[in-house]
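S.K.: Shown below is the structure under consideration.
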């Protein structure tokens, strides 16, 4: 039986909780910028804070599905932001650290103003060392992952097709899960992607292999949802749920030294596209990069004819 008397630290935290001034992220950000203006901070520096913290806000909304209170920001969210900057945006170390500095300054202000009880950024340091390698699956790892999906079930067939979709299109998971059945244009050999990071919808080509797999899947899907990749009850598949599914498949397939995440499929698409002779310009178009910054990490060549090159260089054609 647990002891009745509360620990001294628990009592102190309860007393401190009463003194916390609850603030939403947006409210705290407005207070932060005004405080910096009053303290004589240059306007260019305030613009820097606003720019970097707006990016952090967009990441927060994506991960938490809305704006949260600053007291709900934790170390896991901060670390996830760094992974997002490096893996998805392709920011170099200097760019990542510039954003870390802005978020740290904001969080320390929130702690000073008692908007938060514990500061998750207190031991959140800037990153050091070499640029991280871009991790991608090997052909054998891809085959092992695909084997984990039980295609005798709807969810297994869905997972199998979603993995192929990510491999064939290089789409972000948010883009793939937003695809509706009517967005798959079989006759044209392409798919319409919405919910993109740049807010610019785009079409991406798909291979004959993926078209044939999707035709079979759509027959089983049988209009149970407007969304192509849905849950058993016809709802939009939650991306965190799919991340968990991939993580489980990776453990079952005994895949090591590479993270089994949706974004690794995106890196894998780029890797095989380049290894098979693809070029930077068509890769940038297919992957929806607004600049060549991330694409340059894959290749420094340029060319044209996106659809024809995609048919030739899609990674799933060689599985």
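The values are calculated or read from the model by the stated rules, or taken from the named source; none is laboratory data. Values in this document were obtained by computation on a predicted structure and should not be read as measured data. For neighbour counting, all protein chains shown are included, and Cβ atoms are generated from backbone atoms with ideal geometry for every residue, glycine included.
S.K.: Counting only residues that are closer than 15 Å to residue 185 by Cα and in contact with a strand residue (DSSP E or B) (Cβ under 8 Å, 6 or more places away or on another chain), which one in segment 217-231 is surrounded by the most Cβ atoms within 10 Å (Cβ to Cβ)?
M.R.: 228
S.K.: Give me a count of the residues in segment 78-117 that are touching a residue at least 12 places away in the same chain (Cβ under 8 Å), in a helix (DSSP H, G or I) and either within 15 Å of residue 36 (Cβ to Cβ) or in contact with a strand residue (DSSP E or B) (Cβ under 6 Å, 6 or more places away or on another chain) (or both).
M.R.: 10
S.K.: Residues that are in contact with a helix residue (DSSP H, G or I) (Cβ under 9 Å, 6 or more places away or on another chain), within 30 Å of residue 275 (Cβ to Cβ) and crowded, with 17+ Cβ neighbours inside 10 Å: does segment 93-114 have at least one?
M.R.: Checked against the condition, which is being in contact with a helix residue (DSSP H, G or I) (Cβ under 9 Å, 6 or more places away or on another chain), within 30 Å of residue 275 (Cβ to Cβ) and crowded, with 17+ Cβ neighbours inside 10 Å, segment 93-114 yields at least one hit.
S.K.: Select from segment 194-209 the residues that are surrounded by 12 or more Cβ atoms within 10 Å (Cβ to Cβ) and under 30 Å from residue 85 (Cβ atoms) and list them in ascending order.
M.R.: 194, 195, 196, 197, 201, 202, 203, 204, 205, 206
S.K.: Still on this structure, I have one more. Of the numbered conditions (1) farther than 20 Å from residue 136 by Cβ; (2) surrounded by 18 or more Cβ atoms within 10 Å (Cβ to Cβ); (3) touching a strand residue (DSSP E or B) at 6+ places or on another chain (Cβ under 7 Å), residue 288 satisfies every one except a single condition; which is it?
M.R.: Evaluating residue 288 over (1) farther than 20 Å from residue 136 by Cβ; (2) surrounded by 18 or more Cβ atoms within 10 Å (Cβ to Cβ); (3) touching a strand residue (DSSP E or B) at 6+ places or on another chain (Cβ under 7 Å) leaves (1) as the failure.
S.K.: Can you pull out every residue in segment 266-282 that is under 28 Å from residue 147 (Cβ atoms) and assigned to a helix (DSSP H, G or I)?
M.R.: Across segment 266-282, the qualifying residues are 266, 267, 268, 269, 270, 271, 272, 273, 274, 275.
S.K.: Here's another thing I want to ask about it. Are any of the residues in segment 43-55 surrounded by fewer than 14 Cβ atoms within 10 Å (Cβ to Cβ), closer than 23 Å to residue 288 by Cα and at pLDDT 90 or above?
M.R.: Yes.
Table: residues versus (1) in a helix (DSSP H, G or I); (2) out of contact with any strand residue (DSSP E or B) (no Cβ under 7 Å at 6 or more places or on another chain); (3) free of Cβ contacts under 8 Å to residues at least 40 places away in the same chain.
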position: 215; (1), (2), (3): yes, yes, yes
position: 233; (1), (2), (3): no, yes, yes
position: 240; (1), (2), (3): yes, yes, yes
position: 244; (1), (2), (3): yes, yes, yes
position: 251; (1), (2), (3): yes, yes, yes
position: 254; (1), (2), (3): no, yes, no
position: 259; (1), (2), (3): no, yes, no
position: 264; (1), (2), (3): yes, yes, no
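S.K.: Still on this structure, please answer the following. Please state which one of 141, 148, 126 is at pLDDT 90 or above, surrounded by 13 or more Cβ atoms within 10 Å (Cβ to Cβ) and touching a helix residue (DSSP H, G or I) at 6+ places or on another chain (Cβ under 8 Å).
M.R.: Selected residue: 148, the only one of 141, 148, 126 that is at pLDDT 90 or above, surrounded by 13 or more Cβ atoms within 10 Å (Cβ to Cβ) and touching a helix residue (DSSP H, G or I) at 6+ places or on another chain (Cβ under 8 Å).
S.K.: Could you tell me whether any residue of segment 5-13 is surrounded by 12 or more Cβ atoms within 10 Å (Cβ to Cβ) and at pLDDT 60 or above?
M.R.: no
S.K.: Next up: For segment 72-85, enumerate the residues that are more than 18 Å from residue 123 (Cβ to Cβ) and crowded, with 18+ Cβ neighbours inside 10 Å.
M.R.: Correct list: 84, 85.
S.K.: Related question: Contact list please: Cβ distance under 6 Å, first residue in segment 127-148 and within 30 Å of residue 95 (Cα to Cα), second residue at pLDDT 80 or above and outside any helix (DSSP H, G or I), pairs at least six apart or on different chains.
M.R.: Once the first residue is within 30 Å of residue 95 (Cα to Cα) and sits in segment 127-148, its partners that are at pLDDT 80 or above and outside any helix (DSSP H, G or I) give 135/258.
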